[in-house]
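Below you'll find the structure, written out as structure tokens, and then a few comments.
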Amino acid sequence: MENWRLPGGNRHANTKGSRVPTVEVERRLVKSPLELWDRLVSEVRLSRWLGEVRVSAAEPPHRLEWDVQGAKGVIELESSGWGTRVRVLAEMDQAPAWERLQARYVLERSLHELLDELGSSSLKSG
């Protein structure tokens with residue numbers, strides 16, 4: 001079992017049955033942590049995928065904590081062989097079940113798009 005530290009110092013155990021809905025996305029990209037960090041650290045760039053976002057903490061070039069309406073999360077970059085392992089963990093705020101489900105779907109899709117674009121060789125500057 002692997003633990004990720006969420007914004008605010010909380011630990012999240014990667015297990016089923018968590019009461020707070022979470023979104024976890026992981027991918028290995030053939031780019032260096034520094035190259036990816038430069039593309040992630042800007043709130044303007046993150047806003048392309050997450051909407052109005054606030055970077056709440058940063059540990060260059062390995063960890064970025066962020067907040068958006070309805071969720072908070074962390075992006076972790078770790079050197080791995082010929083590239084970087086990118087892990088994203090987001091925790092949804094409490095809301096009625098249907099709203100949480102819709103918000104989770106939108107957030108998960110946005111995070112996959114973020115990783116798709118980070119992995120592409122033609123990332124648009126923003």
* To do: Quick one: pull the percentage of alpha-carbon pairs in the stretch 21-119 with a separation above 17 Å.
  => 47
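Sort ARG54, ARG100 so that the residue with the fewest other Cβ atoms within 10 Å of its own Cβ comes first and the one with the most comes last.
In increasing order of surrounding Cβ atoms, one gets ARG54, ARG100.
Sorted from fewest to most neighbouring beta carbons within 10 Å, what does the list TRP49, TRP82 look like? Working shown, then result.
Working: TRP49 20, TRP82 10.
So the residues, fewest neighbours to most, are TRP82, TRP49.
Laboratory data are not the source of any read-out in this text; all were calculated from the coordinates shown. Given the structure is predicted, the values throughout are model-derived calculations rather than measurements. With ideal geometry, Cβ positions are generated from the backbone for all residues, glycine too; neighbour counts draw on all protein chains shown.
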